[in-house]
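*Asks:* Could you have a look at this structure, given as structure tokens, before my questions?
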Amino acid sequence: MSFPLLTATAALPAVGAIATAAVPAARRTAAKWLALLFSLATLALAVVVAVRFDPDGDRYQLTESRSWIADFGVRYELGVDGIGVALIALTALLIPFIILAGWHDADPLETKSSRWRPTQGFFALILAVEAMVIISFEATDVFLFYIFFEAMLIPMYFLIGGFGDRAHTGSDENASAQRSYAAVKFLLYNLVGGLIMLAAVIGLYVVAGNFSLQEIAEARANGSLDMATNTERWLFLGFFFAFAVKAPLWPLHTWLPNAMGEATAPVAVLITAVVDKVGTFAMLRFCLGLFPEASKWATPAILVLALISIVYGALLAVGQRDIKRLVAYASISHFGFIILGIFAMTSQGQSGATLYMVNHGISTAALMLVAGFLISRRGSRLIADYGGVQKVAPVLAGTFLIGGLATLSLPGLAPFVSEFLVLVGTFARYPAVGIIATFGIVLAALYTLVLYQRTMTGPVKPEVAAMPDLKVRELAVVAPLIALLIVLGVYPKPVTELVNPAVKHTMSDVQKKDPQPEVEAVK
Amino acid sequence: MNPVNYLYLAALLFAIGATGVLIRRNAIVVFMCIELMLNACNLAFVAFSRLHGNLDGQIIAFFTMVVAAAEVVVGLAIIVSLFRSRHSASVDDASLMKL
Amino acid sequence: MNTENLIALLVAAPLLGAAVLLCGGRRLDRVGHWIGTLLSALSFVIGLVLFTDMLGKGAEERSLHQHLFSWIPVEGFQADVAFQLDQLSMTFVLLISGVGTLIHLYSIGYMEHDERRRRFFGYLNLFLAAMLLLVLADNYLLLYVGWEGVGLASYLLIGFWQHKPSAATAAKKAFLVNRVGDMGLSIAIMLMFTTFGTFAFGPVLESTGETSEGKLTAIGLMLLLAACGKSAQVPLQSWLGDAMEGPTPVSALIHAATMVTAGVYLIVRSGEIFNAAPDAQLAVTVVGAVTLLFGAIVGCAKDDIKKALAGSTMSQIGYMILAAGLGPIGYVFAIMHLVTHGFFKAGLFLGAGSVMHGMNDEVDMRKYGGLRKYMPVTFVTFGLGYLAIIGFPGLSGFFSKDKIIEAAFAKGGTEGWILGSVALLGAAITAYYMTRVMLLTFFGEKRWQPDADGNAPHPHESPRSMTIPMILLAVGSVFAGGFFSIGDRFMHWLEPVTHHDHGDSPLSAATVTGATMVVLVVGVTLAWFQYGRRPVPVVAPRGSLLTRAARKDLLQDDFNHVVLVRGGEHLTRSLVYVDHTLVDGVVNGTAASVGGLSGRLRKLQNGYARSYAVSMFGGAAVLIVATLLMRAV
Amino acid sequence: MTALAAYTTSTGEAFQFWVLGTVAVIGALCTILMRKAVHSALCLAGTMIILAVFYLANGAYFLGIVQIVVYTGAIMMLFLFVVMLVGVTAADSLKETIKGQRWLALLCGLGFAILLFAGIGNASLKDFNGLAKANENGNVEGLATLIFTKYVFAFEITGALLITATVGAMVLTHRERTERAKTQRELAEERVREGKHLPPLPAPGVYARHNAVDIAGLLPDGTPSELTVSRTLRERGQIRDVSTEALNDLRALEQRATDRLERPDLRRTDPGRNGDGDPAAERAAAVAGEQTEEASK
């Protein structure tokens, strides 16, 4: 039994969470540094995982398997494929930036007593979320996955409800009311999804007799386990619903704008860039892996919903007055693209979707964190309260612009690669869908540029006249992300090489071939 | 006459007792009704023991009596302490089962 | 040494400049502009080296390739970062880096008093890099990168003076309209991918024969949409006028000489596709012809000198697109006109810039007049550019435009006649509005007005750094055409790429030339009668219906505003409402109803032991019944 | 003895069943319908005795005796004690407070009865073995053998249960005195501090016409003072009032007079009797009613 690398990767942040929470109230800064340290260590471990992973090896690697609840055939089974590795790397990469960006977000206000320890709690919760997200990327046992998929909600609930955005509009009571509303909404939506999934999980156990992803998939492949068509469809829907809530897919999206609007910018990034990825990831791994036939059966409906998400999210983003809600709706639009790529069931589409998960994480993080810095300076989330910032804080404006350009997937920046792959992959199988999705490009440009114009350009508003430019800490957060965006935009090969074999496996799961071009052009 | 009539009688008494439990508010009377039900059961047991021709039914009836005695003791004690605390023996006054 | 490896440097040099200047920070403020200029000059020099090297080779092996690395390796999807340098790209490289360098030089003087000059040069370099990438790419996806790159650069440069809301809006508008075009390009690329399995120039263009005409037509139309966006052709032309909010060098480089011609490049590059799809070709010619007239008419009405020139740019590019739509007959002339236009239009814009420089940034031509004495160099260079553009015999425009008109007739059939006559009409209008600009600006009596701060303008010649580029461009606009046309040099140079063929023109070349001369004279005299003889009112007269429409870009903007902007606003607002009430309401409604139900149910829990007893008793009865029934069954 | 509890029943037993059975049912009904707990208790006792007789008739001699001794003798007496504690004459109003409770209860009871009858009717219970064999060497011995062999553990456990119940009852009813009992001095000082009636509470009714513990003594001005009646009675609302006493006697006299002389009835026009609403008056009226009846005998 070799060293359990995956367990370590997931356990390290958990340990970090406990350690951070245990720091006495007075030693606030120590807690911050501790959290940062642990997140960086996790990043190092994630890098080790990525290095140890051999793209051309077998599908799941670094596997661990221990018996857990023998009576129900629940096993503690871990294992990663290329997609998992990519997303673990993304998570481990983003958390340090999130922590660094939220450095002062949880400093206690003077009114609170010294026994109150918000800072420790804030960073501990973030690390806890990281641990759960990572292990749900690793789990190859459906039950194990389900547990952490649900447990994630608890720390997220407290992060949203407990540590709201200081730059709220209106009175404190009003703000806390909105905040708890958002938190409860987040919790309820995801709980409902989770419950339905639980039913499906149990159903799966009844049908298949165990929870192991690989065993079930193999059994389905070699025909030793054949589900009735309807059973498979119901189970698929049960799983998909939960993931669609998490993703979020129209019309289950309305929790996201509230949550991202009320939470602090780093937490908002945590939601959309890290936690929601579990949903799309799970669609790829569980929905397609376990229920290929049902997935194919449901594809048309899902594609339509994804299209609606793309266009609808973009249009609503245009209509927003609140910077963070705008970003939230933009994310909804992007998740539409991801789901589109997954269910187009072409290798370009799925590679694109996976790449999209990574790139969207980075680009949204860049945009949202800069937006957070902006908001923390002016103390307002309303777009109308800004103007001419670019004149007083050029660096901030510049980074903001780059983040926005990444959001509208400008060629040369990472998101372009993934978005184009998704579009091509979709177009190859469903031309009409591909064309409609392309409208998203224009709308993306619209909401991004309108946001930039209203906030950054024009005459300088008196309220922002004294606004300081990015500090060193903030620059340390933004610069690497932007560098990453450019590098992955110009040279995405490392990620694609990681992802391609996994995608090939998924394609073989659903037994789909890429549509061949009608002309085999001379290469 | 068929001894089964004893059973019918027992059933009747039992039903009456049950109704009493439901309609009376005075805890003591409620208790009496419970006793009535128990006795009905005992009658049935006895009749059955005659039916089967062995004494087990009577044994059970005997145990029932003992248990009934114990129950009455405790129950009445409860009623007394209840009456002490709120000067009433009405079961409706103790409507604390609702938050 | 192997010259192919130099190709990447063409792009790398300005890209490096952009990176250095934009990340360098304030410490580079004092030398930034020189860095930018030197790096663009460097890529021009590399271009020259490659050019001489290319001339050394035979016509056939002149196409160079450089494969850098595989960009997006995905199952069944091959996208490389690879360059292709053939005669067509070469022409563009020289034009872009040459004119670009001149304009860098010019900007040093023009932007002298702007504290953000360093960033300006950074953007300029970024533009050069993107534009060179566009013309050097060897596949459509990489071209797309350059395509959007120039879009970004133009966005940044139009909105360079961001504190002016008008500038910011114009920049946004330009980017958005271009995005619509880009949508066309990306759809075209997807179509290519599904049809040919690749989007590299070579394979796609060689195997056009193997697919249906319908597919090719679709691809062609999508490419045309892209070209319309980038080259400001009807119906996506509305952004170019507003783009004049940018600094004048930007207008000269991006919105006259280089970027706006990218559409022409795209169509000529994809020639094989269009050759195989006549319908698409026809659409191209129609767009060209319409824009040609549209731009000319707009140009006649504008009093803002830059907007007038913008109109003329539009119409000149209309000429090119028209030519490109004519197929092998026209490709060469499209490119030739593109190059000459690059010279003289850049020159004209620089001249306009220098005039504004002297007149406290006044742009209204009606407040100029009689400037020839005060800024002679500008006058001469501008005048030469003017003669070139109206096609004065012997100057560049004469050759290129004349050829296009010929080619239009040579298309044959009624189309030929219609297109040819449209082109002629365009020539007349061109002569008219350019003469108008010339007269309003440099002749007549002074109509100068003090500017907002009340200090009266005292025109003066611009510094050396600005005049030299103007002079060089003037030289170009005088001789380029002749140089290209004598012995059809340019034609032979491009033929390996674009496969020229002479159509059979119903009219002889002489006739066409004659006709051109006639309409030219007509136009000039008309303008002279209107603006030369009579004094010009400072405040523009109300003018005819057409004039008023033309002043407002023939109401195209208003159309956009009413239909797209207003409609869009209403749509989004209603959607926001729907999202809040309907989508969210359904969920909240469910929650509320559940709450109400439970509220009603909890009434059963009245807390009375006796009623609980009743339910227990009833339940017991029910259970017994159930068991008995079970027994019975 | 063995003749009894045979597999068939003699006409004598039948007669006994029908007569006593009817009485038992009536007793049960009275148990649940009497307004006063004490009456219910008495009726129940009657029913139980009848059941004891039935036990005997069914050959359960031991049980029959135990029924009489334990139930009727011990348990019912216990009931009566508690009833006294809570108030002998306290009659609870038959007004139902919970909506629909009464009807539901009747429905359930009726339904249940029908159900049981149906059940018993379905089970064809024709051939009774009779206890002749089981009781051949004495019913008690038979029970004893069973109890101490087969059911010995149950028996032991029952014993434990009884002990527990006893202890439980004591715990429940026994009130721990937490604070020291007040001395008379302290009590006196307390009274003075409170400023209400300085002297100790007056003895009940001793200054009135009746020396009865439940009659309020009259103050010098003739008004009755509730203070003079012990708290328990007061809480049970069993205070009788001198004046009402007198009035009732008077009314009784007049009544007799009217009866004898066929005078028109005066009760209609009597203001003293319309005591509706105020429960105290109601109780007084009720009491008066009894008085009249007693008097009329």
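The values are calculated or read from the model by the stated rules, or taken from the named source; none is laboratory data. This is a predicted model, so every value here is computed, not measured. For neighbour counting, all protein chains shown are included, and Cβ atoms are generated from backbone atoms with ideal geometry for every residue, glycine included.
*Asks:* Can you name the residue in the range A:1-36 that is in contact (Cβ under 8 Å) with a residue 24 or more places away in the chain and hydroxyl-bearing (Ser, Thr, Tyr) and, of all such residues, is farthest from residue A:90 (Cα to Cα)?
*Replies:* Checking each candidate, the answer is A:20.
*Asks:* Given the residues C:593, C:544, C:598, C:508, which is the only one that is loosely packed, with under 13 Cβ neighbours inside 10 Å and under 28 Å from residue C:294 (Cβ atoms)? Let's see the steps before the verdict.
*Replies:* Working: C:593 fails: under 28 Å from residue C:294 (Cβ atoms); C:598 fails: under 28 Å from residue C:294 (Cβ atoms); C:508 fails: under 28 Å from residue C:294 (Cβ atoms).
The match here is C:544.
*Asks:* Let me ask something additional. Within the range C:68-115, restricting attention to residues that are within 14 Å of another protein chain (Cβ to nearest Cβ) and over 22 Å from residue A:418 (Cα atoms), which residue is surrounded by the most Cβ atoms within 10 Å (Cβ to Cβ)? Talk me through it step by step, then tell me what you get.
*Replies:* Step one: of the range C:68-115, the residues within 14 Å of another protein chain (Cβ to nearest Cβ) are C:68-82, C:114-115.
In the following step, the residues that additionally are over 22 Å from residue A:418 (Cα atoms) were identified as C:114-115.
Details: C:114: 14, C:115: 9.
By that ranking, first place goes to C:114.
Every residue, every condition in (1) of a type in the set (Val, Ile, Thr); (2) modelled with pLDDT of 90 or more; (3) closer than 30 Å to residue A:195 by Cα, yes or no:
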| site | (1), (2), (3) |
| --- | --- |
| A:68 | no, no, yes |
| A:76 | no, no, yes |
| A:90 | no, yes, yes |
| A:120 | no, no, no |
| A:128 | no, yes, yes |
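*Asks:* Out of the range A:453-464, which residues are surrounded by 24 or more Cβ atoms within 10 Å (Cβ to Cβ) and at the interface with chain C (Cβ under 9 Å from one of its Cβ atoms)?
*Replies:* We begin by selecting, within the range A:453-464, every residue surrounded by 24 or more Cβ atoms within 10 Å (Cβ to Cβ); these are A:455-457.
Selection gives A:456, A:457.
*Asks:* Only one of (1) exposed (fewer than 14 other Cβ atoms within 10 Å of the Cβ); (2) over 26 Å from the mean Cα position of the chain (by Cα); (3) more than 14 Å from chain A (Cβ to nearest Cβ) fails for residue C:513. Which number is that?
*Replies:* Every condition holds for residue C:513 apart from (1).
*Asks:* Another question, if that's okay. Among (1) touching a residue at least 24 places away in the same chain (Cβ under 8 Å); (2) out of contact with any Gly (no Cβ under 9 Å at 6 or more places or on another chain); (3) on the phi < 0 side of the Ramachandran plot, which single condition is residue C:421 missing?
*Replies:* (1)
*Asks:* Can you tell me which residue is farthest from residue C:625 (Cα to Cα) among those in the range D:102-115 that are of a type outside the set (A, V, I, L, M) and at the interface with chain B (Cβ under 7 Å from one of its Cβ atoms)?
*Replies:* The qualifying residue farthest from residue C:625 (Cα to Cα) is D:102.
*Asks:* Among the helices (runs of 4 or more DSSP H) lying completely within the range A:388-430, list those that include at least 1 residues that are touching a residue at least 60 places away in the same chain (Cβ under 8 Å), in contact with a helix residue (DSSP H, G or I) (Cβ under 6 Å, 6 or more places away or on another chain) and of a type in the set (Gly, Ala, Ser). Give the steps one after another, and end with the answer.
*Replies:* On the way: elements: A:389-392, A:394-407, A:414-429.
Because the criterion is at least 1 residues that are touching a residue at least 60 places away in the same chain (Cβ under 8 Å), in contact with a helix residue (DSSP H, G or I) (Cβ under 6 Å, 6 or more places away or on another chain) and of a type in the set (Gly, Ala, Ser), the helices (runs of 4 or more DSSP H) in the range A:388-430 that meet it are A:394-407, A:414-429.
*Asks:* Let me ask you something else. Contact list please: Cβ distance under 6 Å, first residue in the range D:18-46 and surrounded by fewer than 16 Cβ atoms within 10 Å (Cβ to Cβ), second residue not in a helix (DSSP H, G or I), pairs at least six apart or on different chains.
*Replies:* D:35/D:91
*Asks:* Hey, could you check the range D:61-81 for residues that are among the small types (Gly, Ala, Ser) and modelled with pLDDT under 90 and say which is farthest from residue B:6 (Cα to Cα)?
*Replies:* First pass over the range D:61-81, keeping only residues among the small types (Gly, Ala, Ser): D:64, D:73-74.
Filter once more, so that each one left must be modelled with pLDDT under 90: D:73-74.
Details: D:73: 24, D:74: 25 Å.
Ranking the candidates gives D:74 first.
*Asks:* Can you tell me which residues in the range C:572-611 are within 30 Å of residue B:15 (Cβ to Cβ) and more than 7 Å from every other protein chain (Cβ to nearest Cβ)?
*Replies:* The first filter runs over the range C:572-611 and keeps only residues within 30 Å of residue B:15 (Cβ to Cβ), leaving C:601, C:603-611.
The answer is C:601, C:603, C:604.
*Asks:* For the range D:116-144, give me each residue that is more than 7 Å from chain B (Cβ to nearest Cβ) and free of Cβ contacts under 8 Å to residues at least 12 places away in the same chain.
*Replies:* To start, the set of residues in the range D:116-144 that are more than 7 Å from chain B (Cβ to nearest Cβ) comprises D:118-119, D:121-124, D:126-127, D:132, D:135-141, D:144.
If the condition is that a residue be more than 7 Å from chain B (Cβ to nearest Cβ) and free of Cβ contacts under 8 Å to residues at least 12 places away in the same chain, then D:118, D:119, D:121, D:122, D:123, D:124, D:126, D:137, D:138, D:141, D:144 are the ones that fit.
*Asks:* Would you list the helices (runs of 4 or more DSSP H) that sit entirely within the range C:549-633 and hold 2 or more residues that are closer than 20 Å to residue D:107 by Cα and hydroxyl-bearing (Ser, Thr, Tyr)? Before you say what the answer is, go through the steps one by one.
*Replies:* Working: elements: C:556-560, C:567-578, C:584-601, C:609-632.
Output list reads C:609-632.
*Asks:* Related question: Has the range B:24-31 got any residue that is of a type in the set (Gly, Ala, Ser) and facing chain D (nearest Cβ under 7 Å)?
*Replies:* Going residue by residue through the range B:24-31, those that are of a type in the set (Gly, Ala, Ser) are B:27.
Within this subset, residues satisfying the condition of being facing chain D (nearest Cβ under 7 Å) are none.
Taking every residue of the range B:24-31 in turn, none turns out to be of a type in the set (Gly, Ala, Ser) and facing chain D (nearest Cβ under 7 Å).
Listed here are the residues, each with its yes/no results for (1) at pLDDT below 90; (2) more than 7 Å from every other protein chain (Cβ to nearest Cβ).
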| site | (1), (2) |
| --- | --- |
| B:36 | no, no |
| B:40 | no, yes |
| B:43 | no, no |
| B:51 | yes, no |
| B:58 | no, no |
| B:63 | no, no |
| B:70 | no, no |
| B:74 | no, no |
| B:79 | yes, no |
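*Asks:* Somewhere in the range C:130-144, is a residue under 16 Å from the mean Cα position of the chain (by Cα), more than 10 Å from every other protein chain (Cβ to nearest Cβ), assigned to a helix (DSSP H, G or I) and over 26 Å from residue C:271 (Cβ atoms)?
*Replies:* No, the conditions are met nowhere in the range C:130-144.
*Asks:* Enumerate the pairs (first residue in the range C:582-601 and free of Cβ contacts under 8 Å to residues at least 60 places away in the same chain; second residue anywhere and of a type in the set (Ser, Thr, Tyr)) with beta-carbon separation below 6 Å, excluding pairs fewer than 6 apart on the same chain, so at least 6 apart or on different chains.
*Replies:* Pairs found: C:583/A:254; C:584/A:254.
*Asks:* Among the listed residues C:198, C:194, which satisfies the condition of being of a type in the set (S, T, N, Q), at the interface with another protein chain (Cβ under 9 Å from one of its Cβ atoms), over 25 Å from residue C:125 (Cβ atoms) and surrounded by fewer than 24 Cβ atoms within 10 Å (Cβ to Cβ)?
*Replies:* Numbers: C:198 fails: surrounded by fewer than 24 Cβ atoms within 10 Å (Cβ to Cβ).
The match here is C:194.
*Asks:* Kindly provide the set of residues from the range C:173-189 that are more than 8 Å from chain A (Cβ to nearest Cβ) and either closer than 20 Å to residue C:220 by Cβ or not in a helix (DSSP H, G or I) (or both), ordered by number. Show your work before the answer.
*Replies:* Step one: list which residues in the range C:173-189 are more than 8 Å from chain A (Cβ to nearest Cβ), which gives C:173-174, C:177-178, C:181, C:184-185, C:188.
The answer is C:178, C:181, C:184, C:185, C:188.
*Asks:* Which condition number does residue A:384 fail, the rest of (1) crowded, with 24+ Cβ neighbours inside 10 Å; (2) modelled with pLDDT under 90 being met?
*Replies:* (1)
*Asks:* While we're on this one: Could you pull out the residue among A:311, A:269, A:304 that is within 14 Å of another protein chain (Cβ to nearest Cβ) and either surrounded by fewer than 24 Cβ atoms within 10 Å (Cβ to Cβ) or within 28 Å of residue C:572 (Cβ to Cβ) (or both)? Break it down into steps so the answer makes sense when it comes.
*Replies:* On the way: A:269 fails: within 14 Å of another protein chain (Cβ to nearest Cβ); A:304 fails: within 14 Å of another protein chain (Cβ to nearest Cβ).
Exactly one of A:311, A:269, A:304 is within 14 Å of another protein chain (Cβ to nearest Cβ) and either surrounded by fewer than 24 Cβ atoms within 10 Å (Cβ to Cβ) or within 28 Å of residue C:572 (Cβ to Cβ) (or both), namely A:311.
*Asks:* Right, next: It is to be established whether one or more residues within the range A:486-500 are modelled with pLDDT under 90 and more than 28 Å from residue C:68 (Cβ to Cβ).
*Replies:* No - not one qualifying residue is present in the range A:486-500.
*Asks:* For the range A:182-264, which helices (runs of 4 or more DSSP H) that fit wholly inside it have 3 or more residues that are more than 20 Å from residue A:510 (Cα to Cα), at pLDDT 85 or above and aliphatic (A, V, I, L, M)?
*Replies:* Values: elements: A:213-221, A:229-246, A:255-262.
Fully inside the range A:182-264 and qualifying: A:255-262.
*Asks:* Right, something else. Here is a list of conditions, (1) under 25 Å from residue C:295 (Cβ atoms); (2) among the polar types (S, T, N, Q); (3) within 14 Å of chain B (Cβ to nearest Cβ), and residue C:530 meets all of them except one; can you say which number that is?
*Replies:* All conditions are met except number (3).
Rundown of residues vs (1) touching a Ser or Thr at 6+ places or on another chain (Cβ under 6 Å); (2) outside any helix (DSSP H, G or I); (3) within 7 Å of chain B (Cβ to nearest Cβ); (4) more than 14 Å from residue B:39 (Cβ to Cβ), yes/no style:
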| position | (1), (2), (3), (4) |
| --- | --- |
| D:17 | no, no, yes, yes |
| D:27 | yes, no, no, no |
| D:42 | no, no, no, yes |
| D:45 | yes, no, no, no |
| D:72 | no, no, no, no |
| D:82 | no, no, yes, yes |
